[in-house]
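Some notes on the structure that comes next.
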């Protein structure tokens, strides 16, 4: 148990440090500083040390064991950088275009998680490849999907240093989430997005 506690603290601390450094580069240092503090809450920390394995999130192990994760249910409901935070089937739209600071924090979070869990095996295309698989499993607004796809594609092609800058993040968010005037509606019955005619 002590090994799991130490391992989990090291993993979370390393993850938070990388997020903070990326968030500073992206111009959102406070989001980087406050990132994922809920991981130290009793419900998240307790389950995470119980299921800690060190090579991927303990949440994955909890879901394999129980079919759900108390830590994840708690975490996604308190951290606005998670796409799942914004889902509300009673709202129109079901998923909004999430605000800039949380969209950029999501980028920093995903890159950091990839770097931490892949270690020396992390490559510039790691997050792009991962997101291409994950985007089919997560409900995300098409404008945010386009933003994330282009950011991770740029990381793949140009690297983190060139891609994760305040100027570039603002440019890409503006391009995909502000200047794109298309309107979308999520068809719950079909489980798909539909672009509305203008």
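Every read-out reported here was derived from the displayed coordinates using simple, explicitly stated rules and does not represent laboratory data. Every value quoted in this text rests on a predicted model; they were computed, and no experiment measured them. So basically every Cβ, Gly included, is an ideal-geometry build from the backbone, and we count neighbours across all protein chains shown.
Beyond 17 Å, the tail of the calculated P(r) for region 81-196 holds 55 percent of the Cα pairs.
Residue order for 61, 157, fewest other beta carbons within 10 angstrom first, comes to 157, 61. With an a/c value of 1.5 or above and a/b larger than b/c for the gyration tensor axes a ≥ b ≥ c computed over the alpha-carbon atoms, region 1-81 is described as prolate. Dividing the alpha-carbon radius of gyration of the chain by the rule-of-thumb value 2.2 N^0.38 Å gives 1.04. With contacts taken as Cα pairs under 8 Å at a separation of at least 6 residues, region 63-197 carries a relative contact order of 21 percent.
Tell me what the chain gives for mean residue ellipticity at 222 nm when only DSSP H runs of n ≥ 4 count, each as -39,500 (n - 2.57), the sum divided by the residue total, rounded to 500 deg cm²/dmol. Please report the intermediate quantities before stating the final value.
Numbers: 10 runs with 113 residues, N = 198.
For the chain, the value works out to -17500 deg cm²/dmol.
Of 138, 188, 160, the residue with the greatest mean-square motion in the GNM of the chain, using alpha carbon springs below 10 Å, is 188. When the scattering of region 59-99 is computed by the Debye formula from its Cα atoms alone, each counted once and equally, what is log10 I(q)/I(0) at q = 0.32 Å⁻¹? Those come out to -1.00, one per q.
Expressed in nm to one decimal, what extension gain is obtained for the pair residue 60 and residue 138 from 0.36 nm per residue of sequence separation less their Cα-Cα distance? Kindly include the intermediate steps, with their values, before the conclusion.
Numbers: separation 78, 0.36 × 78 = 28.08 nm, distance 1.52 nm.
Fully extending the segment from residue 60 to residue 138 adds 26.6 nm.
Just how far, in whole angstrom, is region 1-76 from region 124-172 if you go by their alpha carbon centroids? A separation of 21 Å, based on Cα centres.
Between residue 90 and residue 121, the simple spin-label model (points 7 angstrom out along Cα→Cβ) gives 4.3 nm.
Which whole-number percent of Cα pairs in region 95-137 have a distance greater than 13 Å? Please list the in-between numbers first.
Numbers: 543 of 903 pairs.
Value for region 95-137 (Cα pairs over 13 Å): 60 percent.
Extension gain for residue 197-residue 129 works out to 21.3 nm (0.36 nm per residue, less the C-alpha to C-alpha distance).
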